[in-house]
Structures are given as C-alpha cells and as structure tokens.
Amino acid sequence: MPDALLDLNGLSAGYGETSVLENVNIGVALGEAVAVLGRNGVGKSTLLMSLLGLTTMHGGTLHYRGEDISAWPAWRRARAGLALVPQEREIFRSLTVEENLVVSAMPGNWTLERVYELFPRLEERNRNLGHQLSGGEQQMLAIGRALIGNPKVILFDEPFEGLAPVIVDQLVDAFWKLRADQGIGVVLVEQHADLALEPTDRALVLDRGREVWAGLSRDLAADGALLGTLVGLESA
Ligand SMILES: Nc1ncnc2c1ncn2[C@@H]1O[C@H](COP(=O)(O)OP(=O)(O)OP(=O)(O)O)[C@@H](O)[C@H]1O
Ligand SMILES: [Mg+2]
C-alpha cells in the first residue's frame, strides 16, 4: 500500500500483564476511513489506546508511513500526527471555546476559520466556557480541537454516543465533510453499525478482544444477517 498511513499487524496488547486484544490487524490509508465495531467492553478503546502507545504491547507491529513505530512513546506518536477524539470528550472546561481551539492549533490546512466553517455553532459560542456547552457542542469542540492540531490520522472513540438524533445527524454530516480532506486517515469506533458503516470504506468487528470480521463496510452493511450473527450489533 503506497499510501499507507497506519498498518497494525498481529497486535496483542493490554494493561500491564492483563491481555485485552489478541492478534488484531488494522490498516488505514490516506483519505480512508475505517470503522471499528463491537459491543461494550470488547476492546475498541483499547485498540485506539494501543495505536497511541498507551497500552502494553505483548506482540505485533505498528507501522506509520512505512516506519516501525511499535516502540515509540505516546508523545512521539502524537507529535508525528496521531490524534484522538476521546470517548469522554475531555475538553478544557474552564477555557472558552476559542481558547480550547487555539491552544491545540498547529500549522496546516485546518485553521480556526475552517473549524468554524465545519461547526458554525462553535463560532456562535466562541466566548462560552467549555463547561457551559451542551453535550453535542462539547463533541463538536472535541472534534474541532483534534482537527486544528492538523493530524494525519484521527481516531474517533464513539463520537455520537449519548447525543440527541438531531445532533448525531449534524455530526455525521461534519464527518462526511472532513472525509473530503484527502490528506488524513480516520478510524471511527462505534457500536451502531448503521452510523459507522455508511461513512467508512472498511470495517473491523471485534468480539472479546479478537477480530471476528474484516472487509468492506458496504459488504457488511448489505448483509443484515451477517451483522446480526457477528455480535448482534444494534442498528441506530
Ligand atoms: N485502564 C485499564 N486498565 C485495565 N483494564 C482496562 C483498562 N481499560 C479498559 N480495560 C479493560 O479492557 C477491556 C476492554 O475495554 P475497552 O474500554 O477497550 O472496551 P470498549 O470496546 O471500548 O467498550 P465500550 O464500548 O464500553 O467503550 C475491558 O475488560 C476493560 O475492563
Ligand atoms: Mg470504549
């Protein structure tokens, strides 16, 4: 894959001695989005943490733009262009919206103006403090903060979780727009197959730390019976 950004091979990882993931593989190319599906506790967040260098790797390799970064510490991976939109959002609650964005800014295509273009709601609320935002606005801010750091790969950990359907629609719309940026790769962790499969190219399904299916998102979306049997995935 000449345009390979991330290439994870045979990953076994966990926390200290504890093993959570066994022989997991995932690849992300430039301009590509990959969904990671699976129920609660199967290891989806642990997979993202492993890409970021925040777990204990027991086996396997991780290449980033052709280079083996398996032994790189988390700070080095972040500096090289891996970014997370965390499940808990983790914005700075006592900073304003604009301050949250500005402190994360790095040179590149994604500027304050472009983030505000993607999320006009953030511009309207730019002087509000993080803790004054609704859940949906916090999620927009968490995404905007990742984008303005101009990463090469963005890892989304259940970005639509716990939000009203109308907000989910807005976020899915924004997700499609940011996918137009062909200079980045995306990993989208989700529990809802409908939400995850439509805006992604490829998918990986995990069950109890193991890969149970990998292939094209559209193939999985077209096979309701398969989806049902895999892990009884819910539809949104
Ligand atoms: N920091 C940690 N230390 C030890 N074990 C952990 C830690 N974080 C998660 N685990 C364990 O790893 C397993 C996988 O958890 P993980 O958070 O990766 O699942 P998940 O698929 O993201 O679930 P959810 O959909 O609920 O977010 C669970 O058994 C969990 O208890
Ligand atoms: Mg999780």
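The distance from the alpha carbon centre of the stretch 83-161 to that of the stretch 1-69 is 24 Å, rounded to a whole number. Prolate is the label for the stretch 47-119, because the ratio a/c of its alpha-carbon gyration tensor axes (a ≥ b ≥ c) is 1.5 or higher and a/b is greater than b/c. Kirkwood analysis of the stretch 1-96, using all unique Cα-Cα pairs, places the hydrodynamic radius at 14.3 Å.
DSSP beta bridges fully contained in the chain are about 55 percent antiparallel. The equivalent ellipsoid that matches the C-alpha gyration tensor of the stretch 111-161 spans semi-axes of 18, 15, 8 angstrom, in descending order. In plain terms, the C-alpha convex hull of the chain casts an average shadow of 12.1 nm² when viewed from every direction.
Sequence-distant contacts, meaning Cα pairs under 8 Å at least 6 residues apart, place the relative contact order of the chain at 27 percent.
Taking all Cα pairs closer than 8 Å and separated by 6 or more residues, the relative contact order of the stretch 87-151 comes to 52 percent.
Sorting the Cα pairs of the stretch 172-224 by distance into bins of 10 Å, from 0 upward, gives 22, 53, 23, 2 percent per bin. Rolling a 1.4 angstrom probe over the chain with all protein chains present gives an accessible area of which 49% lies on carbon and sulfur atoms. Over the chain, accessible surface divided per residue gives 46 Å², non-protein components excluded, 1.4 Å probe.
Packing order of peptides 29-35, 222-228, highest average first: 29-35, 222-228 (average count of other Cβ atoms within 10 Å over each peptide's residues). Using 0.36 nm per residue and subtracting the Cα-Cα separation, the extra length available between Glu67 and Trp176 on full extension is 36.3 nm.
Using C-alpha pairs below 8 Å separated by at least 6 residues, the relative contact order for the stretch 30-92 is 22 percent.
The values are calculated or read from the model by the stated rules, or taken from the named source; none is laboratory data. Small disclaimer: the values here were computed from a predicted structure and weren't measured. Methodologically, a virtual Cβ is constructed for each residue, glycine included, from the backbone with ideal geometry; neighbour enumeration extends over all protein chains shown. These accessible areas exclude ligands, DNA and RNA; they are computed on the full protein's heavy atoms, side chains included. Shrake-Rupley method; radii C 1.70, N 1.55, O 1.52, S 1.80 Å.
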